[in-house]
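Each remark here refers to the structure printed beneath this line.
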Amino acid sequence: MVYVALDDRLSLYSFPNHPFNNSRYFSFKQALEGRKILSLLGKINSRQAEIEELLLFHTPEYIDFVKREEAEGGYLDFGDTPAFKGVFKGSRIVVGTTLNSIDKAIEENTRVFNPVGGLHHAYRDKAGGFCVFNDIGVGINYLRKKYKIKNILYFDIDAHHGDGVFYSFLEDPNLYIVDFHQRGIFPGTGEKRERGEGRALGTKLNIELKSGAEDRDFFRELKEVREFLDTKKIDFILMQAGCDCLAQDPLTFLNLTEEVHREVTKLLLEIAEKFTKGRMVILGGGGYLLENIKKAWPAVIEELLLRGA
Ligand SMILES: [Zn+2]
């Protein structure tokens, strides 16, 4: 069975008067109901990540800082990520839900989707770009600690570079990264020449898309991605399925359609079937036009369902 996290506690991760608010989560839920696929999916509950779990990736000083800033109502970064009332709990729920998703994927050798996960701009010791705690970073270290799973593929198609993941694991030879993003927008990182460092050289692949890029530009790059992945040993897949790469997103300038979500999901399912016993967790990521959320994420889920079990 394919699972989706649809616990309304996820709606607590919502910045007031801000593009990242809980209308995104509710639009997704509504879209699943509209397509009548909700009844085919298993449900994952949410929970708050324990402090000990946050510490798998984040520094204790940063965790205290988030708590303190919430009381003071300031910003967690330089102006993108406000410390709204409830931010500490809401952020812990996003991480806890991703960890529950990982547990279920492993328990049943299956695919799990968490629409509010994928907070790829948070670093170990700082927030950034609407991301407070990095559920991906915590998830990677959780997979390694709890399940002894070392070789992980992180595949990110959000329009923004997943800098918080990329640079935190820059020297990690067992974390493979494929990151598609638009060149020249926030956070301004992720050049093609950056391929990992030290023993990890060659384990990361940045693919920069130009403003206005269309599906055919994206698909042209998939050949290199396939070659890159061909030689890698992968035991678990984390996908960040940001849909701010679709046309008309208010924060980016790409011209893609949800076909890229479908194709990438198919590619990852092939890898999962061959190498990971089908285990894969998909995280929603960015996307600030509700119509695009309603198209892209259900498209991913439809592909997951088509591949059955
Ligand atoms: Zn984004």
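The values are calculated or read from the model by the stated rules, or taken from the named source; none is laboratory data. The shown structure was predicted, so the numbers you read here are calculated from the model rather than taken from an experiment. We place every Cβ from the backbone using ideal geometry, glycine too, and count neighbours over all the protein chains shown. Quick note on the areas: whole protein, heavy atoms, side chains included, nothing else; ligands and nucleic acids left out. Shrake-Rupley method; radii C 1.70, N 1.55, O 1.52, S 1.80 Å.
Compactness check for the chain: Cα Rg over 2.2 N^0.38 Å is 0.90. Apolar share of the accessible surface for segment 3-306: 49 percent from carbon plus sulfur atoms, 1.4 Å probe. Straight-distance candidates among the lysines for linking to residue 233, with alpha-carbon spacing under 20 Å and chain neighbours fewer than 8 residues away dropped: 145, 146, 148, 150, 204, 223, 266, 274, 277.
The residues of the chain present an accessible area of 40 Å² per residue when probed at 1.4 Å with all protein chains retained. Shown here for segment 46-127: chymotrypsin sites (Phe, Trp or Tyr not before Pro) in loop regions (DSSP other than H, G, I, E, B) with at most 12 other Cβ atoms within 10 Å, namely 78. Ranked by solvent-accessible area (1.4 Å probe, protein heavy atoms only, all chains present), the residues 199, 47 order from largest to smallest as 199, 47.
Show me, bin by bin at 10 Å from 0, the whole-percent P(r) of segment 106-247 based on Cα pairs. Once binned at 10 Å, the Cα pair distances of segment 106-247 give 12, 44, 37, 8, 0.
With the convex hull constructed from alpha-carbon coordinates only, segment 1-100 shows a mean projected area of 7.1 nm² over all directions. Can you bin segment 254-309 into rounded, prolate or oblate? Criterion: square roots of the alpha carbon gyration tensor eigenvalues sorted a ≥ b ≥ c, rounded for a/c under 1.5, prolate for a/b above b/c, oblate for the rest. In terms of gyration-tensor shape, prolate.
Per-residue ellipticity at 222 nm for the chain, helices alone: DSSP H runs ≥ 4 residues times -39500 (n - 2.57), over residue total, nearest 500 deg cm²/dmol?
That calculation yields -12000 deg cm²/dmol at 222 nm.
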